[in-house]
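One structure is given here, and the rest of the page talks about it.
The values are calculated or read from the model by the stated rules, or taken from the named source; none is laboratory data. Only a predicted model underlies this, so the values are computations on that prediction, with no experimental measurement involved. Virtual Cβ from ideal backbone geometry, glycine too; neighbours counted across all protein chains shown. Accessible surface areas use protein heavy atoms only, side chains included; no ligands, DNA or RNA. Shrake-Rupley method; radii C 1.70, N 1.55, O 1.52, S 1.80 Å.
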Amino acid sequence: DTGVSQDPRHKITKRGQNVTFRCDPISEHNRLYWYRQTLGQGPEFLTYFQNEAQLEKSRLLSDRFSAERPKGSFSTLEIQRTEQGDSAMYLCASSFSGEETQYFGPGTRLLVL
Amino acid sequence: GDSVTQMEGPVTLSEEAFLTINCTYTATGYPSLFWYVQYPGEGLQLLLKATKADDKGSNKGFEATYRKETTSFHLEKGSVQVSDSAVYFCALRGGSQGNLIFGKGTKLSVKP
């Protein structure tokens, strides 16, 4: 098991473009979380999946953001019409029901020009 | 709502010095508490955790005790090494679905 992986690791895009990030959780983990981390801040919760169901979305997740986990395995996070304020590190974490610990991927660093 | 406040950094210490990074929290109930560490160029890693009052989490020489009466979870290490240089995040497991709520992080630099 190689842990949580994320792709791409870095993304530079122009304002107004759409971007999509992928997260592959640890294989037996049924819970998957997305967080956003801006410079000098701790990660902030965006959304949560249990299996394929998206059970909670933060108010930080504007209408331009959408996340899916179609088969209860990998997840994608799409940002439409990117803005400079979307520049951040996007982190994915996974855990197993009943376990307290969340395991984080390396993150995708997004820069919107 | 739930929140975590941790000591502002950066913290610069000499090797073998004693480390304390303060963390206090506000939460309903008794959440599990965590310290995560982010080494340069790497992802967040769990350092230690405590799930109930008076529990002590420990790992790699670091310790933190869950203090309900002071709503604190301070991180300590008796003798830091250069390799401990990293950003340390205190967090609690809150929210309706168990998402983590993080402090802003404390950057530690250890000089030889």
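Figures for the structure shown
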{"item": "Failed condition for residue B:35, given (1) within 14 Å of chain A (Cβ to nearest Cβ); (2) open to solvent by 30 Å² or more (accessible area, probe 1.4 Å); (3) without any contact (Cβ under 8 Å) to a residue 60 or more places away in the chain; (4) not in a loop (DSSP other than H, G, I, E, B)", "result": "(2)"}
{"item": "Strands (runs of 3 or more DSSP E) (entirely within region B:57-107) containing at least 1 residues that are modelled with pLDDT of 95 or more, within 10 Å of chain A (Cβ to nearest Cβ) and under 13 Å from the mean Cα position of the chain (by Cα)", "result": "B:86-93, B:100-102"}
{"item": "Pairs where the first residue, in region A:26-48, is at the interface with chain B (Cβ under 7 Å from one of its Cβ atoms) and the second is acidic (Asp, Glu), C-beta under 6 Å, 6+ apart", "result": "A:48/A:56"}
{"item": "Qualifying residues in region B:42-56 (those that are open to solvent by 70 Å² or more (accessible area, probe 1.4 Å) and within 14 Å of chain A (Cβ to nearest Cβ)) - the one nearest to residue A:5 (Cα to Cα)", "result": "B:42"}
{"item": "Qualifying residue in region A:84-91 (condition: open to solvent by 80 Å² or more (accessible area, probe 1.4 Å) and closer than 23 Å to residue B:33 by Cβ)", "result": "no"}
{"item": "Search result, residues across region A:64-83 that are of a type in the set (A, V, I, L, M, F, W, C), open to solvent by less than 50 Å² (accessible area, probe 1.4 Å) and within 30 Å of residue B:32 (Cα to Cα)", "result": "A:65, A:67, A:77"}
